[in-house]
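First comes the structure, then the notes that go with it.
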Amino acid sequence: PGAFSLSLAGFIEEPERKYCFECATEEQCQEWVEALKRASYEFLRRSLIFYRNEIQKMTGKDPLEQYGISEEARFQLGAHR
């Protein structure tokens, strides 16, 4: 009950890595799982899209323009809404 594992695929050296975690309580396991989800690429990408849209609604400007991000990259970010 106080353990979980994480499998990662796609590493060149090792096609699949598996990590086992053990926690003192089930609550700690849930906290770790949630923290790992929040650190994932997909979560961060969705957060970027959400906050970009919120800033654009408030200011009328795309906040990524000032960083020279191309139209194509902005389109790709917005394509997965």
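Could you calculate the FRET efficiency of Cys23 with Ile69 from 1/(1 + (r/R0)^6), where r is the beta carbon distance between them and R0 is 41 Å, rounded to 0.05?
Values: r = 40 Å, r/R0 = 0.97.
E(calc), rounded to 0.05, equals 0.55.
Please give the FRET efficiency for Leu44 paired with Leu6, using the beta carbon to beta carbon distance and R0 = 25 Å, rounded to the nearest 0.05.
So, using R0 = 25 Å, E works out to roughly 0.90.
Since every read-out is calculated from the coordinates, none of them should be taken as a lab result. Note that this is a predicted model, so its numbers are computed, not measured. Don't worry about glycine lacking a Cβ; one is built from the backbone with ideal geometry, like all the others, and counts go over all protein chains shown.
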